[in-house]
Amino acid sequence: MLGRHGVAGWRGAVVVSGTDTGVGKTIVTAAIAAAATATGVRVAVLKPAQTGGDDDAGTVARLAAPATVKTLARYPDPLAPLAAARVAELAPLGLDHAVAAARDLSADHDLVLIEGAGGLLVQLGVSAGGRPWTVADLASAVEAPVVVVARAGLGTLNHTALTMEALRARALTAHGVVIGAWPSRPELVHGANLADLGAIAEVIGRVPEGAGAMEPADFRRAAAGWLTADPR
C-alpha cells in the first residue's frame, strides 16, 4: 500500500480513477507522480482520453515533472470520452491501443500512472469487438491496481462504497482511497466522512484543496506528505 511503503515501492501500471467527475484525480495523479519521482522512480503518466478544454497531462507535467506524459485521444466536448467521440464524429479510442500504450511505457519506466476519466465505469472507447470499454476494463486488461480518488463532502460514503463494490465484483485490486481536495477549514461532515471512509477502504492520503495552484517546486516538496496511511 502507498501509505505503508511509499510510492517508491510501486512498479508497473497503476490506474487512478474517481468516484465521480471533478473529484481531484489529476492533482492526485500529479502528487503520486511527484512523490515517486522524488525517490528516483522513473514515472510515466498516461491519459487515455481527454475531453473538453482541459489538459490533464499538461497539468501533471507542470506540477510533478515525471519522465513522460502522454495523451492518446482528445475530443472537444466536455463529455464522457465515448460520447464525446460520437458527438464530434471522431474515431473512438480502441482498448487495444490503450493497452499497447501502457505496456510500451512500462517497458522503459518503473511506474506508469493511468489517469481515467470520471468514475470507474465511464466508457472510454470501443473494443475491437465493438463493445464499449471502461476504466475498469483497462485496469483489468493491464492487470493494474486502482487508486480511488474520492470527495471529502456529503455523498462520498455512498459513492466510494459503490466504487469499491464494483472493483471487488471485477476482481480488481484497490490500492486505497485518496481524498482529492481536503478543505482548509473542515466542517463536521468532513471529519465524520474521514472516520467512516476507513470502514469502506484504507484512506491513504488527503491532498489539500487548492494544491493545483501551488508553485511546482512547492507542490513537489509537499506531495509525499499528503500520501500517508494515517492522514488524520
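The values are calculated or read from the model by the stated rules, or taken from the named source; none is laboratory data. These numbers were taken from a predicted model, which means no experiment stands behind them. Note: ideal-geometry Cβ built from the backbone for every residue, glycine included; neighbour counts use all protein chains shown.
Mind checking which residues of the range 21-65 are at positive phi and either more than 14 Å from the chain's Cα centre (by Cα) or surrounded by 17 or more Cβ atoms within 10 Å (Cβ to Cβ) (or both)?
Of the range 21-65, the ones at positive phi are 22, 24, 40, 52, 65.
Across the range 21-65, the qualifying residues are GLY24, GLY40, GLY52, ALA65.
Tell me which of these ARG206 doesn't satisfy, since it passes every other one: (1) in a strand (DSSP E or B); (2) modelled with pLDDT under 95.
The failed condition is (2).
Looking for something surrounded by fewer than 18 Cβ atoms within 10 Å (Cβ to Cβ), more than 16 Å from the chain's Cα centre (by Cα), hydrophobic (A, V, I, L, M, F, W, C) and not in a helix (DSSP H, G or I) - is there at least one such residue anywhere in the range 176-189? Show your work before the answer.
Of all residues in the range 176-189, those surrounded by fewer than 18 Cβ atoms within 10 Å (Cβ to Cβ) come to 183-189.
Checking which are more than 16 Å from the chain's Cα centre (by Cα) leaves us with 183-189.
The next check asks that each one be hydrophobic (A, V, I, L, M, F, W, C); those that pass are 188-189.
Subsequent filtering for residues that are not in a helix (DSSP H, G or I) retains none.
Within the range 176-189, none of the residues are surrounded by fewer than 18 Cβ atoms within 10 Å (Cβ to Cβ), more than 16 Å from the chain's Cα centre (by Cα), hydrophobic (A, V, I, L, M, F, W, C) and not in a helix (DSSP H, G or I).
When only residues in the range 104-136 that are in contact (Cβ under 8 Å) with a residue 60 or more places away in the chain and acidic (Asp, Glu) count, which is surrounded by the fewest Cβ atoms within 10 Å (Cβ to Cβ)?
The residue in question is ASP108.
Filter the range 190-202 down to the residues that are without any contact (Cβ under 8 Å) to a residue 24 or more places away in the chain and in a loop (DSSP other than H, G, I, E, B) and list them by number.
GLY198, ALA199 - these are the residues of the range 190-202 that are without any contact (Cβ under 8 Å) to a residue 24 or more places away in the chain and in a loop (DSSP other than H, G, I, E, B).
Among VAL14, VAL23, VAL112, VAL41, which is the only one that is touching a Gly at 6+ places or on another chain (Cβ under 6 Å), aliphatic (A, V, I, L, M) and at pLDDT 95 or above?
After ruling out the rest, the residue left standing is VAL23.
Kindly indicate whether any position in the range 137-160 is among the aliphatic types (A, V, I, L, M), modelled with pLDDT of 95 or more, in a helix (DSSP H, G or I) and under 22 Å from VAL41 (Cα atoms).
Kept after step one, since they are among the aliphatic types (A, V, I, L, M), are these residues of the range 137-160: 138-139, 141-142, 144, 146-150, 152, 154, 157.
With the extra rule that they be modelled with pLDDT of 95 or more, the set shrinks to 138-139, 141-142, 144, 146-150, 152, 154, 157.
When the remaining residues are screened for being in a helix (DSSP H, G or I), the result is 138-139, 141, 157.
Narrowing the set further to residues that are under 22 Å from VAL41 (Cα atoms) leaves 139.
Yes, the range 137-160 has at least one match.
Suppose we filter the range 211-228 for residues that are within 15 Å of SER184 (Cα to Cα) and loosely packed, with under 13 Cβ neighbours inside 10 Å; how many remain?
Result for the range 211-228: 1.
For the range 21-39: of the residues being of a type outside the set (A, V, I, L, M, F, W, C) and assigned to a helix (DSSP H, G or I), which is farthest from ALA85 (Cα to Cα)? Break it down into steps so the answer makes sense when it comes.
In the first step, residues of the range 21-39 are kept if they are of a type outside the set (A, V, I, L, M, F, W, C); the result is 21-22, 24-26, 29, 37, 39.
If we keep only those that are assigned to a helix (DSSP H, G or I) as well, we get 25-26, 29, 37.
Working: LYS25: 22, THR26: 21, THR29: 24, THR37: 33 Å.
This residue is THR37.
Could you run through the range 77-132 and say how many residues are of a type in the set (Lys, Arg), part of a helix (DSSP H, G or I) and over 21 Å from the mean Cα position of the chain (by Cα)? Please lay out each step first, then the result.
Of all residues in the range 77-132, those of a type in the set (Lys, Arg) come to 86, 103, 131.
Of the ones still in play, those that are also part of a helix (DSSP H, G or I) are 86, 103.
From what's left, over 21 Å from the mean Cα position of the chain (by Cα): 86.
Result for the range 77-132: 1.
Before we move on, is ALA107 at pLDDT 95 or above, out of contact with any helix residue (DSSP H, G or I) (no Cβ under 6 Å at 6 or more places or on another chain), aliphatic (A, V, I, L, M) and farther than 20 Å from SER17 by Cα?
Working: at pLDDT 95 or above: yes; out of contact with any helix residue (DSSP H, G or I) (no Cβ under 6 Å at 6 or more places or on another chain): yes; aliphatic (A, V, I, L, M): yes; farther than 20 Å from SER17 by Cα: yes.
Answer is yes for this residue.
State the number of residues belonging to the range 148-165 that are of a type in the set (S, T, N, Q) and surrounded by fewer than 17 Cβ atoms within 10 Å (Cβ to Cβ).
Keep residues of the range 148-165 that are of a type in the set (S, T, N, Q), which gives 156, 158, 160, 163.
Within this subset, residues satisfying the condition of being surrounded by fewer than 17 Cβ atoms within 10 Å (Cβ to Cβ) are 158.
Result for the range 148-165: 1.
Identify, from the list VAL112, VAL16, VAL45, the residue that is closer than 19 Å to VAL148 by Cα and touching a Pro at 6+ places or on another chain (Cβ under 6 Å). Give the derivation first.
Working: VAL112 fails: touching a Pro at 6+ places or on another chain (Cβ under 6 Å); VAL16 fails: touching a Pro at 6+ places or on another chain (Cβ under 6 Å).
Just one listed residue meets the conditions, VAL45.
Considering only the range 40-76, state which residues are under 23 Å from VAL122 (Cβ atoms), in a strand (DSSP E or B) and hydrophobic (A, V, I, L, M, F, W, C).
Of everything in the range 40-76, those that are under 23 Å from VAL122 (Cβ atoms), in a strand (DSSP E or B) and hydrophobic (A, V, I, L, M, F, W, C) turn out to be ALA44, VAL45, LEU46, ALA49, VAL69, LEU72, ALA73.
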